[in-house]
Structure formats: structure tokens, C-alpha cells
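Since every read-out is calculated from the coordinates, none of them should be taken as a lab result. The shown structure was predicted, so the numbers you read here are calculated from the model rather than taken from an experiment. Cβ placement follows ideal geometry from the backbone for every residue including glycine, while neighbour counts extend to all protein chains displayed.
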Amino acid sequence: MRMKQPFCQLALSSLRPWMELTKVALCGTVAGSAGFGYIFHTPELTPSMGAVIGGVFFLACGAAAGNSLQEAATDRLFLRTRNRPMVTGRLTGRAAAWFSALMIILGLALLWLGTENRQPILLGITALVLYNGAYTPLKKITNVALLPGGLAGALPPLIGWTAAGGVLTDSRAGLLFALFFLWQIPHFFLILLCNHEDYRTVEQPTLISLFPNQSLVRITLVWILAFIVVALSFTLESSQLETGSRLAIACMAAILTIFSIPLVVKPEPHNYRFLFLLLNGSFFSTLLIVAVVQLYTTR
């Protein structure tokens, strides 16, 4: 007799396509960056901060689902994306479209109801337009698409910043924006390097098709160094940062500097993947440490 699947296993298998559609893990980091922006301005746990994190999470999930729908035809061409639910038929285009719309409405509603001013929701709409309206269609025809994509990814921390009462003309808001924008560029380049063979086989404009790997490695290192410089400037400009927060950022800068050198000396695929994990892991670990330190020391 055939045994029934445990309820948890069945529920997980049913949810998995939707989680893949919305890139839940990635959206979690996007929501976390909004929370960091809030804490950076006002290191307090408030209902408004919860609404911002939730709103940005759902908005990001909606944007990611829309992106999956927009890129279904292209995703089937790449090894790294050909098992996504829209490509395999586990989800239909209609279902993805409705789910995307639902997530976006829910995200915007949380930003509207959970914050006192309207800047967060305007920034959320701007990020959505940049990501789904500019970056996603442009990436099929030009490498310039990286610019609106980077701008969209740098807005969530400003959503948190403005929700906490910060103003966009503050120099600290500019540094916050620059920090997240500059992190995204080497993050994207390292994805290309980690999957360079995949990208070379598909006729789509990418920097892999313009530069040999060694040249793209050098360009990546320049952007990582720019990111490190802004991160260190962040500690100097932000007088409200505690000593522990400054040390965490300085340690991240030191680690990235030390471990970026082998990428130039010996540019091999396993080094690309290692640096990709190190860049993302050290950055988000540092953000978490800074957030905890700021919250703990201001209680």
C-alpha cells in the first residue's frame, strides 16, 4: 500500500515553486537592507520598522515574480535557470502574474499603512519601475541595464531610512545608497564569472562577451575596492555608529582586501565562487552585526 506523504513535506513541496518564483532568500536580504536603513537612522524596534521590512519583502517578492514571468523564455536558455518553475511548467504565466500583483499590492499597502510619510512608498514604486520596467527588459539588449538594476537595489535601505524619519538630502543617506549600489556591481560581475561558460553560449549582451575573464576580474576588483572605500567612509561620516559597529565594518574591509588578491593573482573558477560567497556573506553579516550593536547600545 502506498504511504501518504507527511503533511509538512507535502506543504513544502507545494510551496517550493512559489518560493523559487519569488526568490524568497534574495527578497529576505532586500527586506533586511530596508531594516538596516531604518535602524541606521533610528536604532529602535518599532511597529513601523516591522511594516517597512514586511512591505519591502512582499514588494520584492512581487518584483521577483514579475521578473521570472518576464524572463521565462530567456531562462530556458541558461543552465543555471532552466529549472525555474516558469520554465518547467510547474507554474503557469497567469498564476505567476496574479501572484506578482498580489505581492506588490500587499507590499505597497504595508508601506502605506505602516509609515507616517509617503516617501517610502514612492521609493518602493520607483524601485519597482526601475527593476521590472527598465532593468529586466533592457538586460536583453544592452549592458547599460546594470545601471537601473543597481539603482533599484540601492533603494530599499533608503525606504527604511525615510520611514524612520531620515531625509534624502542627508549625506549619510547618500553614503547608504552608495554602499548598496557599489556592492551590487561586483556581486553581478562575480555571477558572470562563476557562470562564464553558460553566458558565453547564449546570444545576449553581457560583459562576458565583451571582455576576457582576466579583464573582467580586474574590473571586478576595482569595484570591490570602491565598495571598501565607501564602507570605510561610512564609518567616518556616521558619528552615531558605535565602536563595535566601526570595528565590524573595518574587519569586513580588511577581509575583502586580503582575499581579493588571489582573484587577481590566480583567476580560477573556484576563486570566483569563493569571493562571491565572501563578498555577500561578509557584507550581510556585517550589516547584521552593526544593526545588533546599534540596537543593543541604545537601549
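Tabulated results
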read-out	value
Value of relative contact order over the chain, rounded to a whole percent, pairs C-alpha under 8 Å and six or more apart	19 percent
Dipole magnitude of the chain about its Cα centre (Cβ charges: Lys, Arg +1; Asp, Glu -1), debye to nearest 20	880 debye
Trypsin sites (Lys or Arg not before Pro) restricted to the stretch 106-196 and DSSP loop, no more than 15 other C-beta within 10 Å	R118, K140
Zone residues, the stretch 147-184, relative to N117, backbone N less than 17 Å from point 7 Å out along Cα-to-Cβ	155-177
Peptides 34-43, 54-63 ordered by average Cβ neighbours within 10 Å, highest first	54-63, 34-43
Estimated inter-spin distance, F274 and E237, nm [label 7 Å along Cα→Cβ]	3.3 nm
For the stretch 47-124 versus the stretch 240-299, the gap between their alpha-carbon centres in whole angstrom	28 Å
Cα-derived Rg over Rh, computed across the chain with Rh taken as Kirkwood radius	0.98
The stretch 43-83: C-alpha gyration tensor shape, a/c 1.5 cut-off, then a/b vs b/c	prolate
Residue list for the stretch 213-243, given a label point 7 angstrom along the Cα-to-Cβ vector of V264 and an amide N cut-off under 20 Å	213-233
Selection from C194, A231, M252, by position along the positive dipole direction of the stretch 135-274 (Cβ)	C194
Over the stretch 1-160, relative contact order from alpha-carbon pairs under 8 Å, at least 6 apart, %	30 percent
For the stretch 160-220 versus the stretch 13-30, the gap between their alpha-carbon centres in whole angstrom	22 Å
Length released on extending from Q214 to R90, taking residue separation times 0.36 nm less the Cα-Cα span	40.8 nm
Share of pairwise Cα separations in the stretch 154-299, more than 19 Å, in percent	55 percent
Computed helical MRE - 222 nm, the chain, DSSP H runs ≥ 4 contributing -39500 (n - 2.57), nearest 500	-24500 deg cm²/dmol
